[in-house]
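Step one of this worksheet: look at the structure below.
The values are calculated or read from the model by the stated rules, or taken from the named source; none is laboratory data. Just so it is clear, the model here is predicted, and its values are computed rather than measured. Here the Cβ is made from the backbone with ideal geometry for all residues, glycine too, and neighbour counts use every protein chain on show. Just the protein is used for accessible areas: all its heavy atoms, side chains included, with ligands, DNA and RNA removed. Shrake-Rupley method; radii C 1.70, N 1.55, O 1.52, S 1.80 Å.
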Amino acid sequence: MAKSPAANSGGSNEYVTLTDHSTGKSHDFPLMPGSTGPKVINIGKLYGQTGHFTYDPGFTCTGACESKLTYIDGEAGILMHKGYMIEDLAEHSDYMELCYMLLNDDLPNKAEKAEFVKIITEHSMIHEQLKTFYDGFRRGAHPMAIMCGVVGALSAFYPDSIDILDPVQRKITAHRLVAKMPTIGAMAYKYSIGQPFIYPRNDLTYAENFLHMMFAVPAAEYPVNPVVAKAMDRIFLLHADHEQNASTSTVRLAGSTGANPFASVAAGIAALWGPAHGGANEAVINMLAEIGTPDRIPEYVDKAKDPEDEFRLFGFGHRVYKNYDPRAKVLQESCHEVLNALGIEHEPLLDIAVQLEEMALKDEYFIEKKLFPNVDFYSGIILKAIGMPTTMFTVLFAIARTIGWIAQWKEMIEDPTQKLGRPRQLYTGATERSVVALHKR
Ligand code: CMC
């Protein structure tokens, strides 16, 4: 089957003609324009018309839904939420405003923001009974393992929120999830180090509150450094949503069955955990520590280039960005700000990171494959500087991405064209045969 060179032009009547050379038949498929970016070919009737499915492992060319939340131009290194560039949002807005916007039409005005912040703040406590869940985990459990379990369990605590057909409940669920994730995440950390849980405080901002719950103890308050709180807020903002990435697609797929939003988000947390996705920020720090000194950088760059070696430079490369990840640029600046504010004059891992980046960006292998630093390359160094344990890095990503997951889930439920997600396959197993009786096998 070959694609006809001539796609029709003329607004919404555009189509692409596919010719099946085995039958000589041609079939037209509509081209759908977005508000920006490439048009997509609507192949919804492909099987009906041609008897063929498509084959696209990893969904590299497959659009699974229509969305108004986030746009990425990977070639140009552009990330926008509802038309606002991520750099602009990072400079002139904050995480709470972005959360509001992803659940509503636009950025909030002053009164709308105040009301939203109040709602989120007042939902930040969790049901007391939920605390007993933590006791079921081994002290050394990875906090992401705890997150998968506890977030999934929320559906048992908020049964009113699992009515996915009620728009009011959908909104309340979104607020509950955004509000409670920092509390649940910080509790996972406190449990792992054997300290008492710290309750949220309503006089603190979202980022301040998370730092307070992480680092205060009943015997001593944790004075939050405003530069650190700003960097934390920025990390949340930069990770808020990233269109149809693996964890978001997981949330949409789970949610498409009618599964409740807490269970769907728990599935997203599981998908985020892997080192190719959200687990990369933890892997970056481990890798920089393993490299240890700048003189060993060439050895690791060579390892990453060796086709026989499975090692990859963590924090480099992206499925969509074939240019510098715009989030990495913002974080590179924040990284220096935080180290200065904390009086850290020399951070060996940052030195290695900067030199590693320089070397990779000049290397033919990385240039040819368009491998640039991604969001995880610098976030780990900031988090390490503020005392965040590495096992919490992916938890932080999960806290931040919760708004993206729940906003995308809500958009999907409210989309009248939404269907059960159910991909097809190319079967290459055995063809029909008869079962041989056990005594004869
Ligand atoms: N180091 C060395 N080689 C790499 C790297 C890397 N980090 N990333 C990709 N490549 C090579 C890869 O070996 C392949 O080479 P070849 O064509 O010779 O087989 C080519 O580049 C294309 O890679 P791919 O795996 O087919 O591309 P992908 O789109 O499936 O992978 C990725 C994207 C993010 C999984 C990959 O770049 C990677 O493993 N990076 C390291 C992990 C990482 O930093 N992940 C965080 C992503 S950003 C945060 C998030 O969205 O979760």
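Things worth noting here:
- Of the residues K180, K190, K171, the single one that is surrounded by fewer than 17 Cβ atoms within 10 Å (Cβ to Cβ), part of a helix (DSSP H, G or I) and within 25 Å of the chain's Cα centre (by Cα) is K171.
- Filtered by the rule that a residue be of a type in the set (A, V, I, L, M, F, W, C), in a helix (DSSP H, G or I) and open to solvent by 30 Å² or more (accessible area, probe 1.4 Å), segment 224-237 gives a lone residue, V227.
- Looking across segment 22-40, the residues that are under 19 Å from G77 (Cα atoms) and open to solvent by 60 Å² or more (accessible area, probe 1.4 Å) come down to S35, T36, P38, K39.
- Residue check, D233 in contact (Cβ under 8 Å) with a residue 40 or more places away in the chain and closer than 30 Å to P423 by Cα: no
- Counting only residues that are touching a Ser or Thr at 6+ places or on another chain (Cβ under 9 Å), open to solvent by less than 40 Å² (accessible area, probe 1.4 Å) and not in a helix (DSSP H, G or I), segment 199-223 holds 2 of them.
- Matching residues, segment 364-387, being more than 12 Å from the ligand (Cβ to nearest atom), open to solvent by 10 Å² or more (accessible area, probe 1.4 Å) and aliphatic (A, V, I, L, M): A385, I386
- Any pair with Cβ under 6 angstrom, 6 or more apart, that starts in segment 106-128 at a residue that is farther than 23 Å from M80 by Cα and ends at one that is open to solvent by 50 Å² or more (accessible area, probe 1.4 Å) and in a loop (DSSP other than H, G, I, E, B): T121/N202
- In segment 158-171, the residues that are in contact (Cβ under 8 Å) with a residue 12 or more places away in the chain form Cβ pairs under 8 Å with partners that are of a type in the set (F, W, Y), at six or more places apart or across chains, as follows: Y158/F262; S161/F262; I162/F262.
- Elements of type helices (runs of 4 or more DSSP H) in segment 238-305, at least 3 residues being away from the ligand (no atom under 14 Å from the Cβ): 246-255, 261-272
- Members of segment 59-105 found to be assigned to a helix (DSSP H, G or I), within 16 Å of the ligand (Cβ to nearest atom) and on the phi < 0 side of the Ramachandran plot, listed by number: I86
- Selected residue (only one of A353, A360, A304, A289 is open to solvent by 40 Å² or more (accessible area, probe 1.4 Å) and within 26 Å of the chain's Cα centre (by Cα)): A289
- F316 vs. criteria under 22 Å from I382 (Cα atoms), hydrophobic (A, V, I, L, M, F, W, C), open to solvent by 10 Å² or more (accessible area, probe 1.4 Å) and within 12 Å of the ligand (Cβ to nearest atom): yes
- Test result for I403, surrounded by 20 or more Cβ atoms within 10 Å (Cβ to Cβ), at pLDDT below 90, closer than 28 Å to Y206 by Cα and within 16 Å of the ligand (Cβ to nearest atom): no
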